[in-house]
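Below: the structure, in structure tokens.
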Amino acid sequence: MALLLLAAALAAVLPVQASLASSRDSSSFIDKVLVEKSERRLHLISRGKVIKSYRVSLGKQPLGAKVQEGDRRTPEGFYWIDWRKPSDNYNLSMHISYPNSRDLAKAKELGVRPGGMIMLHGTPVDEEYPEWYFHTLDWTEGCIALTNKDMRDLWRRVKDGTLIEIRP
């Protein structure tokens, strides 16, 4: 009986994983994600060419690079998208490898904690505030937010281990 339940659970999950894998394979290989904070744009880059762009929302303090935990700034620099997970609050999320060695050195020099858990993520589903409301302002604690539709597209196109550059 337990074996049948396990088989049924796998049968439900495998088509979703296969669908995600095939959609990744059918799209252009994305070798870099570029975020231009001043433009509120995220670009998917393949072999030096922009394949697709999205509008993004940033931290509540969008000017300047993240320096310490709680400053509500989005980092600037070179990082990796190193893991992903569904998010109860923000649809899907992909982790950015902040802090890098430069960020750690700066925080140490200032005697502060650099913070962490910087993500690319979707938008909350909130009955009081529709998705377009979040998409028109900088509202995160330092993360980079997209509409849920755009986040699903990003999730399919970008593999873990992809370089992400975040520019001022």
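The values are calculated or read from the model by the stated rules, or taken from the named source; none is laboratory data. Just so it is clear, the structure is predicted and the values come from calculations on it, not from any experiment. All Cβ positions, even for glycine, are placed from backbone atoms using ideal geometry, and neighbour counts span all protein chains on display. What goes into the accessible areas is simple: the full protein's heavy atoms, side chains included, and nothing from ligands, DNA or RNA. Shrake-Rupley method; radii C 1.70, N 1.55, O 1.52, S 1.80 Å.
Under 9 Å by Cβ, and 6 or more places apart or on different chains, what pairs join a residue from the range 142-156 that is among the basic types (Lys, Arg) and modelled with pLDDT of 95 or more with one that is part of a strand (DSSP E or B) and open to solvent by 20 Å² or more (accessible area, probe 1.4 Å)?
Between residues of the range 142-156 that are among the basic types (Lys, Arg) and modelled with pLDDT of 95 or more and residues that are part of a strand (DSSP E or B) and open to solvent by 20 Å² or more (accessible area, probe 1.4 Å), the close pairs are Arg152/Asn91; Arg152/Leu92.
Could you please find all residues in the range 134-168 being of a type in the set (S, T, N, Q) and either farther than 25 Å from Gln68 by Cα or surrounded by fewer than 20 Cβ atoms within 10 Å (Cβ to Cβ) (or both)?
Selection gives Thr136, Thr147, Asn148, Thr162.
Which ones in the range 69-93 are in a strand (DSSP E or B) and either surrounded by 15 or more Cβ atoms within 10 Å (Cβ to Cβ) or in contact with a Pro (Cβ under 9 Å, 6 or more places away or on another chain) (or both)?
Across the range 69-93, the qualifying residues are Gly77, Tyr79, Trp80, Ile81, Arg84, Ser87, Asn91, Leu92, Ser93.
Output the number of residues of the range 33-52 satisfying the condition of being in a strand (DSSP E or B) and either open to solvent by 40 Å² or more (accessible area, probe 1.4 Å) or at positive phi (or both).
Adding up the residues that qualify gives 6.
Taking Tyr98 as the residue in question, decide whether it is assigned to a loop (DSSP other than H, G, I, E, B) and either open to solvent by less than 90 Å² (accessible area, probe 1.4 Å) or under 15 Å from Trp155 (Cα atoms) (or both).
For Tyr98, the condition - assigned to a loop (DSSP other than H, G, I, E, B) and either open to solvent by less than 90 Å² (accessible area, probe 1.4 Å) or under 15 Å from Trp155 (Cα atoms) (or both) - is met.
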